[in-house]
Amino acid sequence: LKRAVFCRFPVTMLVYTGQEEGEAFTYHSNTDLISVLKKTEEQCSGIARTYSIGRSMEGRELLVIEFSNNPGEHELLEPEVKYIGNMRGNEVLGRQLLIYLAQHLCSEYLLGNERIQTLINTTRIHILPSMNPDGYELAVSGEDQRYDSWNIGRNNAQNIDLNRNFPDLTSIVYSRRRQKGYLRPIRSVNAEIQVASETYAVMKWVRSIPFVLSANFHGGDLVVSYPYDLSKHPLGHEMFCPTPDDKVFKFIAATYANAHETMSNENCVFWIFVFLWSGMQDFNYLHTNCFEVTVSVGCDRFPPEEDLAFAWHENQESLLSFMETAHRGIKGIVKDEKGNAMKGARISVRGIQHDITTAENGDYWRLLTPGIHIVSASALGYITATKTIQLPSRMKTAGRVDFVLPKSHYFAHSLWWPLFCQVNIYEAATLTYHKSEELMKLQTCHNKVHSLFQQL
């Protein structure tokens with residue numbers, strides 16, 4: 001597949017966005033960005049909250065604005081969605097679109113827009129307009145000799161490309177393809193790996209919240225792309241190497257593209273060969289339950305201000321429709337026979353070689369395309385429960401599928417524990433541990449499993 005580039009020369013037009021009267025479509029400095037988000041939080045204090053996930057290399061705040069009918073708290077069965085902009089400092093349109101989106105959500109909610117109110121009342125939305133404020137500062141000033149003129153500010157202050165700075169979990173998945181248990185999310189990450197402060201902040205963020213859906217915004221193309229970034233196809237690196245959830249990724253990518261006035265006319269949903277290792281969208285998919293796509297919102301990385309109104313007009317519906325897809329598929333709660341919520345239970349779908357796990361309160365969300373699916377819930381020491389479900393094509397909300405797992409008293413655990421421990425030790429050894437430590441981990445794992453079954 002070739003890289004898709006579809007350039008247009010937008011026509012400047014006046015567009016009503018719900019922003020305050022007289023507010024212009026202009027670029028926001030880092031100081032302006034913080035001010036706008038704080039002002040939006042103040043105007044919509046009942047549904048909006050700002051919080052920091054960390055600081056950039058040069059100490060600039062990585063500020064997120066959250067929208068929810070109960071800001072600051074995860075609500076049972078309510079999906080969590082995030083948008084990330086300006087990962088590359090000189091790709092700035094996504095940053096502006098997310099600022100406009102935050103203002104739009106606030107103003108339209110207050111005006112009684114039923115669609116926006118429903119979205120915020122049923123979804124917890126997190127918006128990080130700028131992941132790379134240091135790079136943006138360089139791109140605006142244009143005064144850095146480390147870059148070619150077109151590339152100024154692309155990387156962070158350490159000259160690191162943040163989208164090639166996440167742990168490379170895709171290579172681990174390829175190496176585990178013949179190992180039993182490779183369906184499990186890769187929770188362990190090499191503690192010795194050196195990442196940028198911005199990358200580390202996002203990694204902590206995605207671990208702390210059970211995100212379901214995400215998009216990060218780039219420039220230079222007009223296309224929506226999805227994992228895997230890194231292809232290791234036996235016929236060559238330029239061959240398409242889909243994830244087990246390829247149908248789901250195509251669906252959510254098409255949702256954004258089809259609602260976009262220009263993308264909808266150009267077939268802009270692609271897996272793009274970039275041979276990109278350590279990318280953020282692959283990390284989200286393999287390390288967490290989150291499905292992330294990359295949206296490149298225009299050929300011009302730093303378009304003139306007179307084009308911003310038209311860009312918002314083109315992307316507004318896409319931004320809203322994409323967030324609504326977090327309600328597709330199924331959701332539910334996994335409990336034991338005593339009614340206790342089960343954190344970390346595995347949700348499996350037959351025919352899809354990728355599991356997700358339940359959150360702190362036992363709730364889960366599984367994005368799925370319409371059709372018939374066989375879904376199972378399982379946990380260590382419990383009998384697996386399986387249900388067959390049918391999702392109609394016109395169904396706009398997630399189907400409720402709960403599970404109750406009885407304790408198992410019949411496992412031949414003397415035969416079963418080595419498989420469980422081997423899977424985990426293989427994962428740990430691949431990522432973090434030396435050979436001598438593997439044996440100690442294996443023995444510890446065996447002791448814990450043996451103790452667990454003694455209590456059953």
Would you please list the contacts, defined by Cβ atoms under 6 Å and residues six or more apart or on different chains, that run from a residue in the stretch 312-339 that is more than 21 Å from Arg394 (Cβ to Cβ) to a residue that is among the aliphatic types (A, V, I, L, M) and open to solvent by 40 Å² or more (accessible area, probe 1.4 Å)?
-> Lys335/Ala341; Lys335/Val404
Just for the stretch 226-258: of the residues that are open to solvent by less than 20 Å² (accessible area, probe 1.4 Å) and either touching an Asp or Glu at 6+ places or on another chain (Cβ under 9 Å) or in a strand (DSSP E or B) (or both), which one is modelled with the lowest pLDDT?
-> Ser231
With the checklist (1) part of a loop (DSSP other than H, G, I, E, B); (2) touching a Ser or Thr at 6+ places or on another chain (Cβ under 8 Å); (3) not charged (D, E, K, R) in hand, flag the one item Asn361 doesn't pass.
-> (2)
Per the filter on the stretch 72-102, residues within 18 Å of Pro133 (Cβ to Cβ) and of a type in the set (D, E, K, R) are Lys82, Arg88, Glu91, Arg95
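Within the stretch 78-93, does at least one residue satisfy the condition of being in a helix (DSSP H, G or I) and either more than 30 Å from Ala341 (Cβ to Cβ) or open to solvent by 10 Å² or more (accessible area, probe 1.4 Å) (or both)?
Taking the stretch 78-93 and keeping what is in a helix (DSSP H, G or I), we get 93.
Now restrict to residues that are either more than 30 Å from Ala341 (Cβ to Cβ) or open to solvent by 10 Å² or more (accessible area, probe 1.4 Å) (or both): 93.
Looking for residues that are in a helix (DSSP H, G or I) and either more than 30 Å from Ala341 (Cβ to Cβ) or open to solvent by 10 Å² or more (accessible area, probe 1.4 Å) (or both), one finds at least one in the stretch 78-93, hence yes.
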Would you call Asn159 in a loop (DSSP other than H, G, I, E, B), at pLDDT 90 or above and either assigned by the TED database to the domain that holds Leu319 or open to solvent by 30 Å² or more (accessible area, probe 1.4 Å) (or both)?
-> yes
Out of the stretch 359-379, which residues are open to solvent by 50 Å² or more (accessible area, probe 1.4 Å) and either farther than 24 Å from Phe211 by Cα or of a type in the set (Phe, Trp, Tyr) (or both)?
-> Ile372
For Glu137, work out the one condition from (1) of a type outside the set (Gly, Ala, Ser); (2) open to solvent by 50 Å² or more (accessible area, probe 1.4 Å); (3) over 23 Å from Ser56 (Cβ atoms) it doesn't fulfil.
-> (3)
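The values are calculated or read from the model by the stated rules, or taken from the named source; none is laboratory data. Please read these numbers as outputs of a predicted model, since none were measured by experiment. Cβ sites come from the backbone with ideal geometry, for glycine too, and all protein chains shown count toward neighbours. Calculation scope for accessible area: heavy atoms of the full protein, side chains included, ligands and nucleic acids excluded. Shrake-Rupley method; radii C 1.70, N 1.55, O 1.52, S 1.80 Å.
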